[in-house]
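S.K.: Just passing along the structure, written as structure tokens.
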Amino acid sequence: MMRETYEARAAKNSNPLVSDIFRIIAEKKTNLCVSLDVTTTTKLLKLADDLGPYVCIFKTHIDIIDDFSYKSTIEPLVELSKKHNFLIFEDRKFADIGSTVQHQYDSGIYKIVNWAHLVTVHGVPGSGILSGLNLAAEPVVQKIGQHRGALMLAQLSSKGSLAFGEYTQGCVQMANESNFVAGFIAQSREATKLKSESVASRDWLILTPGVAIGITGDGLGQQYKTPEMAMERGSDVIIVGRGIIGDDKEPIKEAIRYREAAWNAYLKEIK
Ligand code: BMP
């Protein structure tokens, strides 16, 4: 499919966080997000420093870090995000009522809202989930002057996922009614278009996980497509975990390879 450049979309987008992301992608010439699914702070920070130049966004699952502490895990990660100009995306997959997610977002040991520019959100509970998250984000946005936003899980990459069809459409409807949503986790842009379009669709940011080269699955339901396939389906940013940081990989070499594959696929499609 043909697409506009990231620069053009950055200039037009009314959501400042989405504009920032498109700008970083264009400046660093990378539409790669690496999923830092590791269980120690040392590994997390080493990968963030080594791969920082090659990514626009790092995705974390902060609750799998064995030796987590705000001071030794988050503070250096935030410093690295400034050093290498990447954004941080905590893949928290919020899925509760508004009041509960508000506290899950701003309290506890992780205090996610303080440091994660993006978080993932399920549509299952209804739109109160977005209102609750937004309530937690408002004071932080005011205080530190950074933007915050949600990516709704419109589709998942895993086999047998129940997120398709009417459910996906419901998520898009919910997203349309909230300024807190920056875009979607999805396997195709097409799925994030409303069938009954009464309001003009926003220029959503689409991130696509389940991307790897030369492997189709992981034996636990993950289903992989190549960077080219994800980009052909209208993705803006590919998310790669084990394809780059897996035990048998050389992360820098792989990050360069995936970045090139996704960036070349984008170059082929621009108007
Ligand atoms: P990997 O590339 O190693 O399979 O990792 C994929 C990452 O993306 C994981 O962190 C997983 O939680 C996340 N993810 C996914 O795989 N599919 C989805 O639909 C949504 C996700 O967040």
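The values are calculated or read from the model by the stated rules, or taken from the named source; none is laboratory data. Note that the structure is a prediction, hence the values are computed from the model and not measured. Positions of Cβ are backbone-derived with ideal geometry, glycine not excepted, and every protein chain shown enters the neighbour counts. Remember, those area values only see protein heavy atoms, side chains included, never the ligands or the DNA or RNA. Shrake-Rupley method; radii C 1.70, N 1.55, O 1.52, S 1.80 Å.
S.K.: Computed FRET efficiency, Cβ-Cβ of Leu162 and Asn264, R0 35 Å: what is it to the nearest 0.05? Numbers along the way, then the final one.
M.R.: Values: r = 34 Å, r/R0 = 0.98.
Using R0 = 35 Å, I get an efficiency of 0.55.
S.K.: Right, here's the next one. Once the piece of chain linking Thr5 and Glu75 is laid out straight, how much longer is it, given 0.36 nm per residue of separation minus the C-alpha distance between them?
M.R.: Values: separation 70, 0.36 × 70 = 25.20 nm, distance 3.34 nm.
Gain on extension, Thr5 to Glu75, equals 21.9 nm.
S.K.: Is it possible to state the helix-based mean residue ellipticity at 222 nm for the chain, with each DSSP H run of 4+ residues giving -39500 (n - 2.57), the sum divided by total residues, to the nearest 500 deg cm²/dmol? What is it? List each step's numbers first, then the result.
M.R.: Values: 10 runs with 107 residues, N = 271.
Mean residue ellipticity at 222 nm (helix-derived): -12000 deg cm²/dmol.
S.K.: At a 1.4 Å probe, what is the % contribution of carbon and sulfur to the accessible area of the stretch 6-269? Don't skip to the answer; put the middle values down first.
M.R.: Working: 6190 of 11630 Å².
Percent of accessible area from carbon and sulfur atoms in the stretch 6-269: 53.
S.K.: Per 0.36 nm of contour for each residue apart, how much would the distance between Lys193 and Lys111 grow if the chain were fully extended, relative to their Cα-Cα spacing? Working shown, then result.
M.R.: On the way: separation 82, 0.36 × 82 = 29.52 nm, distance 3.29 nm.
Length gained between Lys193 and Lys111: 26.2 nm.
S.K.: Once the mean 1/r over all distinct Cα pairs of the stretch 77-133 is inverted, what Kirkwood radius in angstroms do you read off? Write down the numbers at each step before the final one.
M.R.: On the way: mean 1/r = 0.0841 Å⁻¹.
Taking every pair of different Cα atoms in the stretch 77-133, averaging 1/r and inverting gives 11.9 Å.
S.K.: Compute the signed sum of charges (Lys and Arg +1, Asp and Glu -1) over the other residues within less than 11 Å, Cβ to Cβ, of Ile62.
M.R.: On the way: positive: Lys59, Arg92, Lys111; negative: Asp37, Asp63, Glu90, Asp91.
Summing Lys and Arg as +1 and Asp and Glu as -1 gives -1.
S.K.: For the residue pair Glu228 and Ile213, what label-to-label distance in nm results when each label sits 7 Å from Cα along the Cα-to-beta-carbon direction?
M.R.: Simple spin-label model gives 1.1 nm for this pair.
S.K.: What stretch of the chain, leaving out the sites themselves, is the longest with no GluC sites (Glu not before Pro) in a DSSP loop having at most 12 other Cβ atoms within 10 Å?
M.R.: Values: sites that count: Glu177, Glu197.
Maximal segment without exposed cleavage sites: 1-176.
S.K.: Here is a follow-up. With a cut-off of at most 16 other beta carbons within 10 Å, and DSSP calling the residue loop, which trypsin sites (Lys or Arg not before Pro) in the stretch 75-123 qualify? Please list them.
M.R.: Values: sites: Lys82, Lys83, Arg92, Lys93, Lys111; in loops: Lys111.
Those that pass, being in a loop and sparsely packed, are Lys111.
S.K.: So, one more: At q = 0.16, 0.20, 0.25 Å⁻¹, what is the base-10 log of I(q)/I(0) for the stretch 129-231 according to the Debye formula with one equal point scatterer per Cα and no solvent? Please give it to two decimals.
M.R.: Per q value, in the given order, log10 I(q)/I(0) is -0.78, -1.02, -1.27.
S.K.: Something else about it: Can you give me the P(r) profile for the stretch 206-271? Cα pairs, bins 5 angstrom wide beginning at 0, each as a whole percent.
M.R.: The distribution over the stretch 206-271 is 4, 19, 29, 25, 15, 6, 1, 1, given as percents.
S.K.: Can you give me the Kirkwood hydrodynamic radius for the stretch 6-269, using every pair of distinct Cα atoms, in Å to one decimal? Don't skip to the end; give the middle numbers.
M.R.: Working: mean 1/r = 0.0542 Å⁻¹.
Hydrodynamic radius (Kirkwood, Cα only) of the stretch 6-269 equals 18.5 Å.
S.K.: Cut-off under 24 Å on the C-alpha distance; same-chain residues fewer than 8 positions from Lys249 excluded. Which lysines are left, in chain and number order?
M.R.: Lys249 reaches Lys28, Lys29, Lys43, Lys46, Lys59, Lys225.
S.K.: Also, I was wondering about something else. Out of every Cα-Cα pair in the stretch 1-94, what percent are more than 22 Å apart?
M.R.: Details: 1406 of 4371 pairs.
More than 22 Å apart: 32 percent of the Cα pairs in the stretch 1-94.
S.K.: Please find the FRET efficiency linking Lys271 to Asp49, where r is the Cβ-Cβ separation and R0 is fixed at 25 Å, and quote it to the nearest 0.05. Provide the component values of the computation, followed by the final result.
M.R.: Details: r = 36 Å, r/R0 = 1.44.
Using R0 = 25 Å, I get an efficiency of 0.10.
S.K.: Kindly list the residues of the stretch 232-249 that lie in the label zone of Asp66, defined by a backbone N under 20 Å from the point 7 Å along the Cα-to-C-beta vector.
M.R.: 242, 245-249
S.K.: Right, something else. Taking the alpha-carbon centroid of each part, what is the distance from the stretch 84-112 to the stretch 233-267 in angstrom?
M.R.: 25 Å
S.K.: Return a whole-number percent for the relative contact order of the chain, with Cα pairs under 8 Å and 6 or more residues apart as the contact set. Display every interim value, and only then the final one.
M.R.: Numbers: 505 pairs, mean separation 52.0, N = 271.
Here the relative contact order equals 19 percent.
S.K.: Something else about it: Restrict the search to the stretch 146-251; then list the trypsin sites (Lys or Arg not before Pro) that DSSP places in a loop and that have at most 12 other Cβ atoms within 10 Å of their Cβ.
M.R.: In loop regions of the stretch 146-251 (DSSP not H, G, I, E or B), the sparsely surrounded trypsin sites (Lys or Arg not before Pro) are Lys159, Lys195.
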